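Laboratory data are not the source of any read-out in this text; all were calculated from the coordinates shown. Since the model is a prediction, treat every value here as computed from it, not as a measurement. All Cβ positions, even for glycine, are placed from backbone atoms using ideal geometry, and neighbour counts span all protein chains on display.
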Amino acid sequence: MSHPYRDVVIAGVHNTVQARQLEGHDSESITFEAALGALADAGVPTPEVDAVIGAHAQELVLGLRLGPCTRLPWQLGIPIVLEGADLVASGRADVVLIAAGGASMYTDRTATAPWTRPANEFVVGYGLFTAAEFALMARRHMVMYGTTPEQLATVASTIRNNGHVNPDAVYFGRGPFTPADILASRLVAEPFHLLDCAMTSEGGSALVLTSAERAADLPNPPVWILGGASDSYGPAYQIAPAWDIVGRSDVPAGYVGRTAARHAFATAGLAPDDVDVAELYDPFSFEIIRQLEAYGFCPDGEGGAFVDDGNIGPGGRLPVTTDGGTMSYSHAGINAQQLQRVIRGVEQLRGTCATNQVHGAEVAICSNGGSGALFTDVMLLGKERP
Amino acid sequence: MLEPQPVGIPVPNPSPASKPYWEGAARGELLYQRCDDCGTIALRPGTVCGSCLGRNLSWPRSAGLGSLYSWTVVWRPQQPAFRVPYAPAIVALDEGFRMMSAVVGCEPEELRADLPLAVEFHPASDDISLPYFRPRT
Ligand SMILES: [Zn+2]
């Protein structure tokens, strides 16, 4: 069987300006800016777009005069990139525009951000929010494997330092940080300090997918989707996020994403050792340690030691989240930050990152989600046509 | 000292499937939904057993004894109605199920894995009582 994405290329990517707050924008208007930027990067004129995916897909169809056009008004990062790839691979679309943005969503700063506050009946009375939900998974890992707050802080300082040197990052120039600096920041939800957690910010992000045939005439070197899949263990923030929830296999919810990663590596015909750069989703520091284990970059329980050994920093064995991620680059609402992992992976493989470019990177892994939310999506990108 | 939250926090909005749970809580009883056909305990209340697809679901009463499976101590409240610190926790009940709750009646630094716990109920509104857990000796 030929590779499912053999004829699909990521031809354009764009992140708008990212900021704590974007004056004069709402989520729709910043999504338009992202979409236009990605189309310009791809070198594709708007009338060629025949499918749009994202929360504002319908508004884009109208506003850019794209009708008649396929529209999928969905908002999950990697799953909608895979959906777009399927549209191209099956011939249902020639040019797919995927766009997302968040702005003017977080105004009441006496409470945590609105999308972090679950209202379900079994959690609402206990004052849970995303940091607390993810902390319950992190704590269990610490109980089982002896993972330490210092190891979590090493992840946070590494990623925040990637943002510190990135002029496009919301927190550019805010460092550098040592692990001790992370541990000295105020506690939010133990074991997480403020600097173990993602920020909140605003911005837009978009990608353009097209066929290999069309991409041959476009300016950017093609980036290929080598594999990808999604794992969920159920609705986020509705039940106790216990590490060892299981469903149809013996992989526990704590390793959500493991099955998806196995699927992605099998589709790609690759193994974790083949990966040059890991654009991992970083809502909380612990999630990096967990993903390193879940995806097979180190044995179970050894993610903390893998981090201690200097593997995830610039020049390390597996540089992680090289633009600063959601902790320092941007965390723009619900969906844009998920697309940002894929966009950074594309930029790494093009070799165009202004900071922390991994030289000669051929294969990137990208991810979304996290254990506290009971879902993780994984994607492998490559420079070589699969 | 970790304490129950005052009346005024956001309260649960029971569903048809979970109504017996909250009625039990109002009486000071911790109930859990179990399949009479295969014994599976639901991860959350529903109308069908996820294991055998049976519909003979019942609501036995838990003794309310368990141990601490995981926890966090929150210092930045989700919203101002919550008093900090508070300690959301996953409790492993002796009957073999896990539930979301919060630990009260000890200092945050006394929390540790497998800490023995017992349930107690505190009102969150006129209609709703919330189960909390307190260390037992
Ligand atoms: Zn059953």
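Our compactness index for the range B:62-137, the C-alpha radius of gyration over the empirical 2.2 N^0.38 Å, is 1.08. Ranked for footprinting exposure by Cβ neighbours inside 10 Å, fewest first, A:Arg92, A:Arg214 give A:Arg92, A:Arg214.
Protection proxy ranking for B:71-79, A:306-314, A:202-210, using the average of other Cβ atoms within 10 Å per residue and placing the highest first: A:202-210, B:71-79, A:306-314. Take each residue of peptide B:96-107, count the partner chain Cβ atoms within 10 Å of its Cβ, and average: the result is 3. The calculated P(r) of the range B:16-61, using every Cα pair and 5 Å bins from 0, goes 5, 26, 32, 20, 12, 4, 0 in percent.
When DSSP beta bridges are restricted to pairs lying wholly in the protein assembly as shown, around 85% turn out antiparallel. Taking other C-beta atoms within 10 angstrom as a stand-in for reagent exposure, B:Val84, A:Val165 fall in the order B:Val84, A:Val165, fewest first.
For chain B, adding -39500 (n - 2.57) for each run of n ≥ 4 DSSP H residues and dividing by the number of residues yields -1500 deg cm²/dmol at 222 nm.
The calculated FRET efficiency for the pair B:Glu95 and A:Ala180, based on their C-beta separation and a Förster distance of 41 Å, comes to about 0.40. By its C-alpha gyration tensor, with a ≥ b ≥ c as the square roots of the eigenvalues, how is the range A:243-297 shaped: rounded for a/c under 1.5, else prolate for a/b larger than b/c, else oblate? Oblate shape, in that a/c is at least 1.5 and b/c is the bigger or equal ratio. Pairs of alpha carbons in the range A:1-149 separated by more than 23 Å make up 52% of all such pairs. Each residue in A:Asp323, A:Asp86 was given a count of other beta-carbon atoms within 10 angstrom of its own, and listing them fewest first yields A:Asp86, A:Asp323. Dimensions of the range A:310-386 from C-alpha coordinates, computed as largest minus smallest value along each principal axis and given longest first, are 34, 29, 22 Å. Taking every residue in A:180-191 and counting other chain Cβ atoms within 10 Å of its Cβ, the average works out to 3. Residue by residue along B:64-74, Cβ atoms of other protein chains within 10 Å of the local Cβ number 6 on average. What the pair-distance distribution of chain A shows, using all Cα-Cα distances binned every 20 Å from zero, is 31, 60, 9 percent. Count Lys and Arg as plus one, Asp and Glu as minus one, and take only other residues whose Cβ is under 13 Å from that of A:Leu76; the net charge is then -2. Per the Debye formula with a single identical scatterer at each Cα and no solvent contribution, what log10 I(q)/I(0) holds for chain B at q = 0.12, 0.21 Å⁻¹? Rounded to two decimals, the profile gives -0.49, -1.29.
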